[in-house]
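Asks: So that we are looking at the same thing, I have put the structure below in structure tokens.
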Protein chains: 2
Amino acid sequence: MPRIVLHDYFRSSASYRVRIALNLKGLAYDQHPVSLVAGEQQSPEYKALNPQGFVPMVEIDGERVTQSLAIFDRLDALVEEPPFVPSDPPGRAHVLALALTVACDIHPLNNLRVLRYLKTELGQPQEAVDAWYRHWVVEGLAALEALAAPQAGTFLYGDQLSMADICLVPQLYNGRRFDVPMDAYPTLLRAEAATLALAPVEAAHPDRQETAQ
Amino acid sequence: MPRIVLHDYFRSSASYRVRIALNLKGLAYDQHPVSLVAGEQQSPEYKALNPQGFVPMVEIDGERVTQSLAIFDRLDALVEEPPFVPSDPPGRAHVLALALTVACDIHPLNNLRVLRYLKTELGQPQEAVDAWYRHWVVEGLAALEALAAPQAGTFLYGDQLSMADICLVPQLYNGRRFDVPMDAYPTLLRAEAATLALAPVEAAHPDRQETAQ
């Protein structure tokens, strides 16, 4: 087995995705917590490893991989089961599109660095920042529900877990932290429940991390 | 050859990426322009095809694929040459990470819908909206330059074009529209020049589209 180090933050959505992915593949890893709240991602030590100063990052026998979706792809090449994408090209493209809807259309707008810019640079009150957060979650989850529903089963795509489900779980967790109502997304809730029922997924939960406060 | 329809907007960064990708693969397509400025992406006709109401979308013999990076993957399965990712897993993960740095960390913050929210919902003056745009481009391009430089050649990854270059070209085009200085990114400029020198890429430029105003 390769030696894997995960640099993550317990509450970061993309970090949570990667913990789920590593656990599902049955890969053991050393965890190196990087506190985004304390600004540790900007330390010279961390930026020497990842010049972007973002988490998550994994090191696989010294090979550094950034960006959660690239990490999924890398882990799929490393360990076959369970595959994170279906093998047929149309199914694969559909699953990628679902994952990218979370990773490109929802999450980037609600990153800590963005919420901070709204507050500090644009002088927005907390109420406006929270409304911003909810706006993009609601718009994004509605899109995801509509895109996923026609081909969903137990999971977002049929009855097999995929990287779309891995992206879904942390996004719903974060949405609930900002009190986004979830009733309008039955397909997403069904897939979330099926994914959370898996023990490797449960172990990746932010509250299960040693650094959780 | 499959029948391909591309739903796009000439100036949309993700649409521009997909035009480059289709042209590089030598795939002919019918173009169906969707004016984001006129709000055509919200029309019932378009939303019946893509419930998210986003461009680009491609139809490949009736199969609908959304999200530019999922479209790249789908086109790679359809036509082998030129491949959009290297075949070795570490190189592949690195190229995906570069592409995702543009697609997740820069572009989503500067979408038309986001700029509109800043202006309308948050009442920000144009000057603050422009500063927002430039802030994320500058931060993102600096990260991309640092991530790419160690393994770059003529292109962002070695001497072979990849989906990272396909994402780069529209991002630099859009950055220049907002007067972002580019001097600090020699690796990006070199890869951009090499990519733009290819005739299929040139034909994808926003100004070459029939609907360009």
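Asks: Could you pull the Cα extents of the protein assembly as shown along its three principal axes, largest to smallest, in whole Å?
Replies: Extents along the principal axes: 56, 47, 45 Å.
Asks: Cα atoms only, segment A:33-81: Rg and Dmax in Å?
Replies: Over segment A:33-81's Cα set, Rg and Dmax evaluate to 12.1, 37 Å.
Asks: Find the chain A residue whose Cβ sits closest to the rotation axis that carries A onto B, and give that distance in whole Å.
Replies: Minimum Cβ distance to the axis, with residue: A:108, 2.
Asks: Report, as an integer, the average count of C-beta atoms from other chains found within 10 Å of each Cβ along A:100-111.
Replies: For this peptide, the per-residue mean of nearby foreign Cβ atoms is 5.
Asks: Ranked highest first by the average count of other Cβ atoms within 10 Å around their residues, in what order do B:138-146, A:67-75 fall?
Replies: Values: B:138-146: 19.3, A:67-75: 25.8.
Order by mean packing, descending: A:67-75, B:138-146.
Asks: In nm, one decimal, shortest first: how far is the label point of residue B:42 (7 Å from Cα along Cα to beta carbon) from the matching points in the other copies?
Replies: Counterpart label points of residue B:42 in the remaining copies fall at 3.7 nm.
Asks: Also: With a Cα-only, solvent-free Debye model of segment B:114-195, what are the log10 I(q)/I(0) values at q = 0.12, 0.15, 0.24, 0.27 Å⁻¹?
Replies: Listed by q, the Debye log ratios stand at -0.39, -0.56, -1.06, -1.26.
Asks: Which whole-angstrom value gives the distance between the alpha carbon centres of segment B:135-202 and segment B:30-63?
Replies: 28 Å
Asks: How many percent of DSSP beta bridges within chain B run antiparallel, rounded to 5?
Replies: So the antiparallel bridges amount to about 60 percent of the total.
Asks: State which helices in chain A qualify, where a helix is a whole DSSP H run, it must extend 24 Å or more along its own axis by its Cα atoms, and its mean Kyte-Doolittle hydropathy must be at least -1.0.
Replies: Qualifying helices: A:126-148.
Asks: Do the alpha carbons of any pairs in B:25/B:119; A:119/B:47; A:47/A:119 sit beyond 31 Å of each other, and which pairs? Working shown, then result.
Replies: Details: B:25/B:119 39 Å; A:119/B:47 34 Å; A:47/A:119 25 Å.
Those over the limit are B:25/B:119; A:119/B:47.
Asks: Could you work out, residue by residue across A:85-98, how many beta carbons of other chains sit within 10 Å of that residue's beta carbon, and then give the average as an integer?
Replies: 5
Asks: Take the Cα radius of gyration of chain B and divide it by 2.2 N^0.38 Å, with N its residue count; two decimals is plenty.
Replies: Normalised Rg, Cα atoms only: 1.00.
Asks: Quick one: work out the % antiparallel among DSSP beta bridges in the protein assembly as shown, nearest 5.
Replies: Roughly 60 percent of the beta bridges in the protein assembly as shown run antiparallel, per DSSP.
No lab work stands behind these numbers, since they all come straight from the coordinates. These figures come from a predicted structure and were not determined experimentally. Please note: Cβ atoms are built from the backbone with ideal geometry, for glycine as well, and neighbour counts cover all protein chains shown.
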